[in-house]
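The block underneath contains the structure these notes are about, expressed in structure tokens.
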Amino acid sequence: MSIRVHWRLSFTLNWTILPHRHVPPGGIFSMVDIAAGSRHADNLDHPLAPFLYTVSLLHCLPVGRVDGGAGLGMMWGRERALDLLRQAGFTQVEVQTMSHDPFNDHYLCRKGSNRP
């Protein structure tokens, strides 16, 4: 099953619950997002940071605020993503870098089994 959640959509902070509900116990949810930190200071050396923050501020944040959305923007970062995925109930979240795509991180999220 593939569920595409795009940062430009208007959603509340509960967006991660949707994929969690549809992943069977023991199943995996895969997510790809921009490789960046959640704090501005973590991205000072990022070669595309000025461009990414500009796009995030002028497009992503306003679009993400429509209909009461959280307005996270595209530079919400790894730490915030990990926090929200864990809040959604994924019991194990691994962040993998991809040698063929240094621009993005791959989040491999596992849902715990219902077994005691």
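Taking the alpha carbon gyration tensor of region 13-110, multiplying each eigenvalue by 5 and rooting it gives semi-axes of 24, 18, 10 Å, largest first.
One decimal place: the segment residue 101-residue 54 gains 14.8 nm when fully extended, by the rule 0.36 nm per residue minus the C-alpha distance. With a Förster radius of 22 Å applied to the C-beta separation of residue 45 and residue 92, the computed FRET efficiency comes to 0.15.
Around the Cα centre of region 13-110, unit charges on the Cβ atoms of Lys, Arg, Asp and Glu (plus for the first two, minus for the last two) sum to a dipole of about 280 debye. In sequence order, region 87-102 has phi-based couplings of 4, 6, x, 6, 7, 9, 10, 10, 9, 10, 7, 10, 4, 7, 9, x Hz under the Karplus curve 6.51 cos²θ - 1.76 cosθ + 1.60, θ = phi - 60°, and Gly or Pro positions carry x.
The HN-Hα couplings worked out from phi for region 46-57 by the Karplus form 6.51 cos²θ - 1.76 cosθ + 1.60 (θ = phi - 60°) are 5, x, 10, 3, x, 5, 5, 5, 5, 4, 4, 5 Hz, whole numbers, x standing for Gly and Pro. In this structure, the amide hydrogen of residue 70, modeled 1.01 Å from its nitrogen in the peptide plane, lies closer than 5 angstrom to those of 11, 12, 13, counting only residues at least 5 positions away or on a different chain.
Each value in this text was obtained by applying a stated rule to the coordinates, not by laboratory testing. Only a predicted model underlies this, so the values are computations on that prediction, with no experimental measurement involved. When we count neighbours, we look across all protein chains shown, and the Cβ atoms used for this are built from the backbone with ideal geometry, even at glycine.
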